[in-house]
Amino acid sequence: MKKWLYTLLVIVLAACSNEIPEQQPAKRSGRTVLAYLISNSPKSLEGNLQDNVVDMYMALAEIKDSCTLLVFYRPQEYSSYLDVPTLLCFDTDGRGNINNLPAVTGTDLTFESVCQVAQKKEYTMNSQIATDPVVMEEVLKDMQKIAPSDSYGLILGSHATGWMKGNSVQSKAFGDDGGYHIDIPDLANVLKKSFSEKLDFVLFDACMMGTAEVGYELKEATSHCIASVMETPVYGFPYDRILPYLYTENIDYSAVCHEFMSFNKANNLWGTCAVMDCSQMENLASAVKAKLSEWQDALSSVSMQNVQQYGVNSYKYFSYDVLDFFRELGGKSGVAETDLNEAIASIQTVLNEAVIAKECIPNPSNSSFRVDEARFCGIGMYIPKEYNPYVANKTAWNDYYEQSISWYHAAGWADLILN
């Protein structure tokens, strides 16, 4: 009986004040975490993203400080508790209360009950989609109006396929709203236009985003990029474990990676996780460019099957381990094996500054996702068709890479190929 009365009280109180107030609130000290979650795709992540929201709520209930979380949720059409794309706002006082109510717990804790507690702003998009740059900018600016803050971190959850262009290669770039996506250069531009200061981090809860191409594209939009270079399990990050880290002044990024991989191991899954310091991506591009120029005569001799790559199925060969590629290239350049580590030290040194945290599950027995931990530097990069026979017929990949991805020029590939 008490349980029933408690649930009714939560619903009634939430219903009385579940719209986000129009007045400008006071600025919050510290960091506010934002999440932009899209589940409306043919291969829907609806149940998984709803679980993620519940886990975020659970974490807020345990945090011992006041903080704010805003979640934009684009539901699977006609199959969610939410009827329309909705912005959910949660404030915790650090004493177990969320939006001035005792946190929901136990069997009462469901996606529906979390939505009932949230303050909400609904969007009627009609023909617009959640991956439309105009829509994304509107929502991200709304988030800042609702919760003005010293700084922000952003979680992006949906399908993705790294730097690739959506649609034309049957990929998802980032996001999938009814088959529509946003390309990474456009995403970077949206983030720059939406925020007056760089984000503290962008966390991609999505496949294949941990590449040099993505990190370089986002270097003017965010200080850090948290992502996996591989396809990721549908369960996503364990937000009940990692969200508290994302509110701390100095985020322990190694702990974030470790919690993610520990969760995957416990659930008999695969995975990688790395954190790029995007302020170092220009230095990494310069180091890659210098070494490619130095060893360009050996490029045609590289055996790509010997380099650790991170794609599977139709995305095989989309990304190769950055450091492992230079190990193979150095071996073909005439450098003695005993001197190889010293020869690639310039790449290793800059990588150590650009990739500030990393962890992987090496060679899980239950999966085709294989990673040699000794050759895992954290991030990958594309090797163009001129030096990689495995992508020679990937016309859409190659054309888009050469025409639209900044890394192609910054890392020196364009200079080598044009010359």
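The values are calculated or read from the model by the stated rules, or taken from the named source; none is laboratory data. Note that the structure is a prediction, hence the values are computed from the model and not measured. Methodologically, a virtual Cβ is constructed for each residue, glycine included, from the backbone with ideal geometry; neighbour enumeration extends over all protein chains shown. Only protein heavy atoms, including side chains, enter the accessible area calculation; ligands, DNA and RNA are left aside. Shrake-Rupley method; radii C 1.70, N 1.55, O 1.52, S 1.80 Å.
I'd like to check something: does region 171-191 contain any residue that is assigned to a strand (DSSP E or B) and open to solvent by 40 Å² or more (accessible area, probe 1.4 Å)? So far as region 171-191 goes, yes, one or more of its residues are assigned to a strand (DSSP E or B) and open to solvent by 40 Å² or more (accessible area, probe 1.4 Å).
Taken over region 124-175, the criterion of being among the charged types (D, E, K, R), modelled with pLDDT under 90 and out of contact with any strand residue (DSSP E or B) (no Cβ under 8 Å at 6 or more places or on another chain) is satisfied by Lys165 alone.
Only one residue in Asp65, Asp51, Asp55 is at pLDDT 75 or above, in contact with a Gly (Cβ under 7 Å, 6 or more places away or on another chain), open to solvent by 20 Å² or more (accessible area, probe 1.4 Å) and of a type outside the set (Phe, Trp, Tyr). Which one?
Asp65
Inclusion of Ala414 among residues that are at pLDDT 90 or above, in contact with a helix residue (DSSP H, G or I) (Cβ under 8 Å, 6 or more places away or on another chain), small (Gly, Ala, Ser) and not in a helix (DSSP H, G or I) is not warranted. Checked against the criteria, Cys89 counts as under 25 Å from Asn48 (Cβ atoms), open to solvent by less than 20 Å² (accessible area, probe 1.4 Å) and in a strand (DSSP E or B). Restricting Ser254, Ser223, Ser293, Ser303 to residues that are in contact with an Asp or Glu (Cβ under 8 Å, 6 or more places away or on another chain) and modelled with pLDDT under 95 narrows the list to Ser303.
Return the residues of region 100-157 that are small (Gly, Ala, Ser) and on the phi > 0 side of the Ramachandran plot; say none if nothing qualifies.
Going through region 100-157, the residues small (Gly, Ala, Ser) turn out to be 103, 106, 113, 118, 127, 130, 147, 149, 151, 153, 157.
Matches in region 100-157: Gly106 only.
For region 105-150, how many residues are surrounded by fewer than 18 Cβ atoms within 10 Å (Cβ to Cβ) and either of a type in the set (Val, Ile, Thr) or over 17 Å from Tyr36 (Cβ atoms) (or both)? Residues meeting the conditions: 13. If the condition is being open to solvent by less than 10 Å² (accessible area, probe 1.4 Å) and part of a loop (DSSP other than H, G, I, E, B), then region 197-232 contributes Ala206, Met208, Met209, Gly210, Leu218, Ala221, Ser228, Val229, Met230. Figure legend. Inter-residue proximity from region 342-362: first residues within 18 Å of Val288 (Cα to Cα) and open to solvent by less than 10 Å² (accessible area, probe 1.4 Å), second residues assigned to a helix (DSSP H, G or I) and charged (D, E, K, R), beta-carbon distance below 7 Å, spacing 6+ or different chains. Indicated pairs: Ile344/Arg327; Ile347/Lys291.
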